[in-house]
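Encoded as structure tokens, the structure appears first; notes follow it.
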Amino acid sequence: MTESLDATDWAILTEVQQDGRIAYTELARRVNLSASATKERVRRLEESGIISGYRAEVDLEGIGYAVLAMVRLKYPGTRHEPLRRLLAERPEFLECLRTTGDDCYVLKVAATSMGHLEELVDELAGFGSTTTNLVFSRTLPFRGPREPGTRLPPAG
């Protein structure tokens, strides 16, 4: 469907990624459409699967998960179901990407303390060798995709 996305669709996607709870009237004002046309566009984007859901962004530190880390895992086997089961059972594993290269997986992990992170990494180490990087800060928070060729305004 990306071939059929026009500038207005991209504008809608940009706005709903910044605020998934934006009212149709406000969204319509920002993208220069009527509220009913905007609602129809959003419905079409949802039905096509381009908008696949909405979620709240939670302050991890505010809920007691002060340690954020990226863990790379080299998984030597081909039976990935035990790892998938562990990831499904443990809410501390926020995201898991299967990748190419030396590491098979990159995981985003939230922990309450360094000891807690150590326990989580030890669990992962049962599947293969790990490399852990602590996150100091988010230099670029998730912003979602933009229309190809679009330049963002300079920071500052």
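Any read-out appearing in this document is the output of simple, stated calculations on the displayed coordinates, not a laboratory observation. This structure is a prediction, so every number in the text was calculated from the model and none was measured. Glycine also receives a Cβ, built like all others from the backbone with ideal geometry; neighbour counts cover every protein chain displayed.
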Note to self: Taking percent of Cα pairs over 20 Å apart straight from the coordinates, which label in (i) 62; (ii) 44; (iii) 66 is the correct one?
What the structure shows: (i)
Next item on the list: Only Lys, Arg, Asp and Glu count, each charged at its Cβ (+1, +1, -1, -1), so figure out the dipole size of segment 61-134 about its Cα centre, rounded to 20 debye.
Entry: 320 debye
Notebook entry, point to check: If packing is taken as the mean number of other Cβ atoms within 10 Å per residue, what is the order of 57-70, 28-41, highest first?
Noted result: 28-41, 57-70
Notebook entry, point to check: Of all chymotrypsin sites (Phe, Trp or Tyr not before Pro) in segment 90-150, which ones are in loop regions per DSSP and have a Cβ with at most 12 other Cβ atoms within 10 Å?
Noted result: Phe136, Phe142
Notebook entry, point to check: For the pair Leu97 and Leu60, how long in nm is the line joining their label points, each one 7 Å along Cα→Cβ?
Noted result: 1.4 nm
Checklist line | Formal net charge of residues neighbouring Arg30 (Cβ-Cβ distance under 13 Å; K, R +1; D, E -1) | finding: -1
